[in-house]
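Comments concern the structure below.
A short reminder: the numbers here are calculations on the coordinates, not readings from a lab. It should be emphasised that the depicted structure is a prediction, and the values quoted were computed from it without experimental measurement. We place every Cβ from the backbone using ideal geometry, glycine too, and count neighbours over all the protein chains shown.
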Amino acid sequence: MAEAYIVEAVRTAGGRRGGALKDWHPVDLAAQVLNALVERSGVDPAAIDDVVMGCVGQAGEQAFHVGRNAVLASKLPESVPAVTIDRQCGSSQQSIHFAAQAVMSGTQDVVIAAGVESMTRVPMGLPVTLPMQHGIGTGPFPRSIQERFGVAMFSQFAGAEMIAEKYGFEREELDRFALESHRKASRAADAGALDAEIVVLAVEGGEHRRDEGIRDDATLEGIASVKLLKEGGRISAANASQICDGASGVLIVSEAALKAHGLTPLARIHNLTVTAGDPVIMLEEPIPATARALARAGMSIADIDLYEVNEAFAPVPLAWLRETGAEPDKLNVNGGAIALGHPLGASGAKLMATLTHALKARGKRYGLQTMCEGGGIANVTIVENLA
């Protein structure tokens, strides 16, 4: 089978809800990422076969095909097609999978996988809540699903509490994990470890180049003081991912395209896996997905040098660490979504940008990325550093 190579991977620095990126239309955010991929790689924009854009909240400014609109708002020629996809939080990780699969199949040679989410301008859940508020329909879960699974709706917040209870994680352990995420992100940002992956944006008052969610002065006492989402529970906003605005993208090409366009590979796609399981607990699926990916790749967790496991809620990566036997000091080495933010549809390619650049900077070989997704799905991507 043909190989697929990552040539460039970039992201915007995360913006808090109502923060630095509040005035950026999500289409323009995504367009800036597309422009940066072309400019940094030097690829001929007319050679791009497709753009696969992940986005969860496909309503309002992110409706009417945000992927195609991003192409039209960018410097890419209008001849470049696009598609918009939704695999919930894994949308742009699935974009990477679709792009790589297109290249590996030989049907395309140069594909951009990207994602965007402005959670300020298109609030989380809007595609569900807006019709309901206007008396349109009954929601996404018909009685057949409700009766089959014994719930009126699937909730990621309930799933996070279920995982914490199942694995015996008390609030203090979750809060300590959250504190460490902020500390790692703060150190990385101060050291310039994130600079290579970030597309700098013009904002009111200057430039946006640092993730707004990082709390340099975070303390365990401050995190512990945040109100729990559920009385008697263990999850709070402080040990969960931050609402975030942002965009991200990865340029994926064939070996023939590397030679034809004089491109330098950053990494090689080594394995692509997606699995699905219990939609009620929902967020546990990265564990079996990782086991399957490693088995298919003929690898063990010991072969992986760095892991990016999305910090949707602190118990998710903690459970993943326990069940996989992975080494904590290889996990989210530059901080995770608790500190850096989780811009839903952009998070998959965002994590890949962080992972590939971290592998390069540290001189490591293999990286693994996974994230929990709505509906009990998980993607796993294994890459090999070539830089």
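Near GLY335, the amide H atoms lying under 5 Å from its own belong to ALA185; only residues 5 or more places off or on other chains count, and H is placed 1.01 Å from N. Taking a quarter of the surface of the Cα convex hull of the range 244-387, what do you get in nm²? With the hull built on Cα positions only, its mean projection is 8.7 nm². Report, in whole Å, the centroid distance computed from the Cα atoms of the range 103-150 and the range 302-319. Spelled out, the Cα-based centre of one part sits 24 Å from the other. For the range 133-207, the equivalent ellipsoid built from the Cα gyration tensor has semi-axes of 38, 25, 10 Å, listed from largest to smallest.
Distance from the alpha carbon centroid of the range 60-77 to that of the range 156-181 works out to 37 angstrom. Charged neighbours of GLY367, selected by a Cβ distance under 9 Å, balance to -1 (K, R count +1; D, E count -1). What fraction, in whole percent, of alpha-carbon pairs in the range 64-215 exceed 24 Å separation? Distances greater than 24 Å cover 60 percent of the Cα pairs. Note on ARG187 and ARG143: the extension gain reaches 10.9 nm, defined as 0.36 nm multiplied by sequence separation minus the Cα-Cα distance. The range 350-387 and the range 183-235 have Cα centres spaced 20 Å apart.
Restricting the calculation to alpha carbons of the range 1-150 gives Rg and Dmax of 17.2, 54 angstrom.
Under a 5 Å amide H cut-off, with hydrogens placed 1.01 Å from N, GLY90 pairs with GLY374 among residues at least 5 apart or on other chains.
What you get for the chain, charging only the Cβ of Lys and Arg (+1) and of Asp and Glu (-1), is a dipole of about 180 debye around the Cα centre.
The base-10 log of I(q)/I(0) for the chain, evaluated at q = 0.10, 0.13, 0.14 Å⁻¹, reads -0.59, -1.03, -1.20 [Debye formula, identical scatterers on Cα atoms, solvent excluded]. Treating the Cα atoms of the range 200-260 as identical point scatterers in vacuum, please give the log10 of the normalised Debye intensity I(q)/I(0) at q = 0.15, 0.17 Å⁻¹, two decimals. The Cα Debye sum returns log10 ratios of -0.73, -0.81.
A Gaussian network model of the chain, with springs between Cα atoms under 10 Å, assigns the largest mean-square fluctuation among GLY115, GLY249, GLY159 to GLY159. Helices meeting the span-like rule in the chain (full DSSP H runs, Cα extent of at least 20 Å along the helix axis, mean Kyte-Doolittle score of -1.0 or higher): 26-41, 91-105, 347-362. By the equivalent-ellipsoid construction on the alpha carbon gyration tensor, the range 1-68 comes out with semi-axes of 25, 15, 12 Å, ordered largest to smallest.
For GLY206, the shell of other residues with beta-carbons less than 14 Å away shows a net charge of -2, using +1 for Lys and Arg and -1 for Asp and Glu. For the range 149-279, just say rounded, prolate or oblate: build the C-alpha gyration tensor, square-root its eigenvalues into a ≥ b ≥ c, call rounded for a/c under 1.5, and beyond that prolate if a/b exceeds b/c, oblate if not. Oblate. For the residue pairs LYS22/LYS360; LYS330/LYS350; LYS230/LYS350, the C-alpha atoms sit more than 25 angstrom apart in LYS22/LYS360; LYS230/LYS350. Dipole orientation for the range 51-192: of the candidates GLN146, HIS65, THR120, HIS65 has the Cα lying most toward the positive pole (charges on Cβ; Lys, Arg +1; Asp, Glu -1). The Rg/Rh ratio of the range 105-156, with Rg taken over Cα atoms and Rh as the Kirkwood radius over Cα pairs, comes to 1.19.
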